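Each remark here refers to the structure printed beneath this line.
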Amino acid sequence: MSVLRSRPVLRWLVPATAAVAVIGGGAAIGTFAAEAEPSLPPRTAAQLLVDLQTSRLEGLSGTVVQRADLGLPSLVGLLPGNELTTLLTGTHTLRVWYSGPDQQRVALMDTLGEQDIIRNGGDLWTWQSRSNTATHRTLGGDAGAWKPAPEPAANLPATPQQAADLALGAIDPSTEVSVGRSATVAGQDAYELVLQPRDGASLVHQLRIAIDAKQHVPLRFEVLAKGSDRPAFEVAFTQVDYRRPDADQFTFNPPPGVTVAEEKAERPAGGKPGHAGPAGDPQVRAVGDGWTTVLVGRLDGADVGRKPATKPAVPPAGSAPDVDMDMSKLLGGLPAVSGDWGSGRLLTSKLFSVLLTDDGRVLAGAVTPERLYQAARG
């Protein structure tokens with residue numbers, strides 16, 4: 001899989017970690033339905049991988065729809081903040097523009113407002129309409145060679161391209177790669193690349209990537225859970241235009257009364273540019289490998305088993321009472337589990353499991369709870 005070592009075409013959008021909100025509703029889920037299967041010349045999986053590697057995208061604009069049906073309990077809404085939890089449920093839509101590595105834009109909106117992320121040369125802007133606030137970063141001269149430091153708690157891919165980048169980067173001998181059925185996505189004929197874990201212990205059944213037959217750009221990305229024939233997570237173009245967008249799409253014009261904060265874009269401390277992984281965090285370690293890897297970390301100052309104290313009438317200075325309360329409700333709503341590894345709380349979904357132990361550890365992976373318990377035994 002040396003063809004995956006360098007993938008310029010797989011970096012054509014602002015990184016998914018910069019997209020911290022999405023449009024609520026907007027597009028019917030029916031747009032994801034496959035049209036009549038087109039007749040395309042046969043291509044092998046290796047040829048499709050080369051297509052992704054060698055593609056050169058000059059420009060693009062379009063509409064992307066993302067849907068998540070992870071089977072999470074309703075208490076996920078109690079998590080602090082709403083960006084990640086919004087991405088974990090329901091259907092969302094956003095607009096994207098791309099005009100080379102130095103000009104990218106994602107327009108993200110919900111029913112209460114809008115957020116834009118714009119890269120224009122050495123300038124990186126974000127804007128939120130609800131607070132009418134903006135941030136501006138001036139990128140260094142080598143900014144094109146690396147991605148801005150990721151924002152916290154927003155690691156789900158916002159486009160098929162970003163999802164494909166993550167998936168292809170994980171290919172190793174534990175993955176079976178094949179060609180699926182051809183399809184028509186956003187009006188474009190596409191091949192389908194299928195990635196399937198060889199380890200049956202993974203909760204993931206398949207990843208399916210629809211690749212434009214002419215432009216070699218991922219148009220749709222689907223994750224199927226074991227035992228299901230419907231995607232638990234999917235992100236797809238519903239409309240795409242390969243013409244280079246007008247330059248004014250990448251110009252940020254601050255609205256009246258906006259508050260602008262200047263920030264310094266810091267270069268990642270280590271590892272691959274724009275890539276955040278457990279190897280770069282000494283507080284997180286990996287148990288196992290491949291699709292059944294379990295990540296083990298610690299929650300600072302956490303004591304999952306301790307009952308929350310009565311909320312004071314006047315919160316201490318510098319505290320975050322709402323966050324504390326939300327976390328207490330979340331942990332209290334999760335089922336209690338115990339075994340020879342200890343005790344704690346368990347969150348399960350179609351694609352992943354998370355174990356929070358009473359001694360402050362957190363274990364997560366695309367595996368069954370039993371695999372987490374095994375890792376928790378140490």
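The values are calculated or read from the model by the stated rules, or taken from the named source; none is laboratory data. Since the structure is predicted, the reported quantities are computational estimates derived from the model, not experimental observations. No Cβ is skipped: glycine too gets one built from the backbone with ideal geometry, and neighbour counts run over all protein chains shown. The area values use the complete protein model at the heavy-atom level, side chains included, leaving out ligands, DNA and RNA. Shrake-Rupley method; radii C 1.70, N 1.55, O 1.52, S 1.80 Å.
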- Verdict on G141 being open to solvent by 40 Å² or more (accessible area, probe 1.4 Å), at pLDDT below 70 and over 26 Å from F237 (Cβ atoms): yes
- Restricting attention to the range 276-285, does a residue exist that is at pLDDT below 90 and exposed (fewer than 12 other Cβ atoms within 10 Å of the Cβ)? yes
- Among the residues of the range 195-214, count how many are under 20 Å from L40 (Cβ atoms) and either of a type in the set (S, T, Y) or open to solvent by less than 10 Å² (accessible area, probe 1.4 Å) (or both). 5
